1. For segment 106-138, name all the residues that are over 12 Å from the mean Cα position of the chain (by Cα) and closer than 24 Å to I35 by Cα.
2. Could you look through segment 1-29, keep only residues that are in contact with a strand residue (DSSP E or B) (Cβ under 7 Å, 6 or more places away or on another chain) and surrounded by 11 or more Cβ atoms within 10 Å (Cβ to Cβ), and pick out the one that is modelled with the lowest pLDDT?
3. Of a type in the set (D, E, K, R) and within 16 Å of A34 (Cα to Cα): which single residue out of E158, E141 fits that description?
4. Of (1) under 21 Å from S170 (Cα atoms); (2) crowded, with 16+ Cβ neighbours inside 10 Å; (3) among the aliphatic types (A, V, I, L, M), L42 satisfies all except one. Which?
5. What tally of residues in segment 108-123 results from selecting those that are in a strand (DSSP E or B) and of a type in the set (G, A, S)?
6. Which residues, counting only those in segment 45-82, are within 22 Å of F133 (Cβ to Cβ), touching a helix residue (DSSP H, G or I) at 6+ places or on another chain (Cβ under 8 Å) and surrounded by fewer than 16 Cβ atoms within 10 Å (Cβ to Cβ)?
7. For residues that are at pLDDT below 90 and in contact with a Gly (Cβ under 7 Å, 6 or more places away or on another chain), tally how many sit in segment 64-105.
8. Would a scan of segment 7-20 turn up a residue that is over 18 Å from the mean Cα position of the chain (by Cα), of a type in the set (G, A, S), under 25 Å from E141 (Cα atoms) and assigned to a helix (DSSP H, G or I)?
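The values are calculated or read from the model by the stated rules, or taken from the named source; none is laboratory data. What you see is a predicted model; the values in this text were computed from it and never measured. Cβ placement follows ideal geometry from the backbone for every residue including glycine, while neighbour counts extend to all protein chains displayed.
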Amino acid sequence: MRYIKLFLISAVVLFLVVVLLSGILPSHIRISRAINIGAPKLRVYNTVSDFSTWRDWNGFVSNSPLTNISLSSPSTGKGAYLNSGQLKISIDKCTPDSITTTWQQVKAKNFTGGYNMMQLVPDSVTVQWYFDFHFSWYPWEKFTSLVYDKQLGTVMEESLMKLKQVSENSK
């Protein structure tokens, strides 16, 4: 009986410690990458805002096991979407300087993302790509957020490099 009581008290204390530790982790994170592209802003904007070009540069579309991919018609602008059996990406908002997207995963966390485009010098644009995640107080959600940057950041960097190549090589 004494060991059972010790086990139960230890389990409760361990659970409370884990919950308290997860309390110091933020409930919102933003994963972001940026790149300078030597191309006109309009060309880069048109490439990013058109889902029909995403297979050429976006690693989340071209390198993933997405099946039955379908695009909206038109495939660009507010309301456009890319849909598959595993993921739906839709454009929620378009301005001359930004594009906001929603990523809905089947049986997984939904999140928002977007692209900001800043032109500081002529014929060159800085593109920032970001994902925003919001978490509940659950410890397992907050602790999984620790690996998101590593998982997504590499693909984002490779995709931005491909976007740079596509944008700089097209006329």
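1. N116, M117, M118, Q119, L120, V121, P122, D123, S124, V125, T126, V127, listed by residue number.
2. S27
3. E158
4. The single condition L42 does not satisfy is (2).
5. Residues that pass the stated criteria total 2.
6. Of everything in segment 45-82, just one residue is within 22 Å of F133 (Cβ to Cβ), touching a helix residue (DSSP H, G or I) at 6+ places or on another chain (Cβ under 8 Å) and surrounded by fewer than 16 Cβ atoms within 10 Å (Cβ to Cβ), namely N63.
7. 2
8. yes
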